[in-house]
Amino acid sequence: MGGHCIAVDPWFIVAQNPQQARLIRTAREVNDHKPFWVIDQVKAAVADCLAATDKRASELKIACFGLAFKPNIDDLRESPAMEIAELIAQWHSGETLVVEPNIHQLPKKLTGLCTLAQLDEALATADVLVMLVDHSQFKVINGDNVHQQYVVDAKGVWR
């Protein structure tokens with residue numbers, strides 16, 4: 001869950017009523033940790049790919065699908081997908097592709113770290129696929145047509 005209000009507003013409630021807002025605190029902590037869980041899944045997929053191929057890490061391409069904080073919009077504010085893509089690009093020594101059908105250029109924080117790619121290019125060239133936002137353009141792709149063995153599908157689009 002992301003967006004400019006969802007990530008911040010619950011903390012105001014917790015600050016005002018800490019004892020009554022324990023469930024809200026726990027929910028925010030779980031949601032705030034989710035990007036790191038996804039990163040761990042990506043690292044495991046990359047390790048598996050490296051173990052099964054003759055490629056070096058710098059030769060692997062990772063494609064991240066979606067940057068927006070929710071499907072079918074162009075709003076990237078407080079987006080966990082943006083955070084995940086940035087962390088992957090900072091960690092990964094190879095190329096990190098980003099497919100976001102609702103923007104025409106990368107935001108400044110990803111410029112120089114990632115390459116904005118078209119959907120077909122990412123599906124054809126990436127070794128590891130990371131589904132971050134379930135945009136309608138991604139949901140129409142039949143999972144049987146995704147031939148990569150290493151897929152981290154955080155949205156359940158291709159399962």
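The values are calculated or read from the model by the stated rules, or taken from the named source; none is laboratory data. From a predicted model like this one, the values you see are computed outputs, not experimental measurements. Note that we place each Cβ from the backbone using ideal geometry, even for glycine, and neighbour counts take in every protein chain shown.
Some points to look at:
- Any pair with Cβ under 7 angstrom, 6 or more apart, that starts in region 107-131 at a residue that is in contact (Cβ under 8 Å) with a residue 40 or more places away in the chain and farther than 15 Å from VAL157 by Cβ and ends at one that is assigned to a strand (DSSP E or B) and of a type in the set (Ser, Thr, Tyr): CYS114/THR96; ASP127/TYR150; VAL128/TYR150
- Enumeration of residues in region 84-101 that are within 18 Å of ALA154 (Cβ to Cβ) and either touching a Leu at 6+ places or on another chain (Cβ under 9 Å) or surrounded by 20 or more Cβ atoms within 10 Å (Cβ to Cβ) (or both): ILE84, ALA85, GLU86, ILE88, ALA89, HIS92, THR96, LEU97, VAL98, VAL99, GLU100, PRO101
- Residue list for region 68-116, filter: more than 19 Å from HIS33 (Cβ to Cβ), among the small types (Gly, Ala, Ser) and either part of a helix (DSSP H, G or I) or within 15 Å of the chain's Cα centre (by Cα) (or both): ALA68, ALA89
- Test: residue in region 84-102 that is closer than 15 Å to MET131 by Cβ, of a type in the set (Asp, Glu) and either touching a Cys at 6+ places or on another chain (Cβ under 6 Å) or at pLDDT 95 or above (or both): yes
- Selection status of ALA45, crowded, with 21+ Cβ neighbours inside 10 Å, farther than 25 Å from ILE103 by Cα, touching a strand residue (DSSP E or B) at 6+ places or on another chain (Cβ under 7 Å) and at pLDDT 95 or above: yes
- Enumeration of residues in region 68-84 that are among the charged types (D, E, K, R) and on the phi > 0 side of the Ramachandran plot: GLU78
- Residue in region 7-25 that is more than 19 Å from the chain's Cα centre (by Cα), on the phi < 0 side of the Ramachandran plot, surrounded by 14 or more Cβ atoms within 10 Å (Cβ to Cβ) and modelled with pLDDT of 95 or more present: no
- Tally of residues being crowded, with 16+ Cβ neighbours inside 10 Å and either over 13 Å from LEU106 (Cα atoms) or out of contact with any Gly (no Cβ under 9 Å at 6 or more places or on another chain) (or both) across region 54-70: 10
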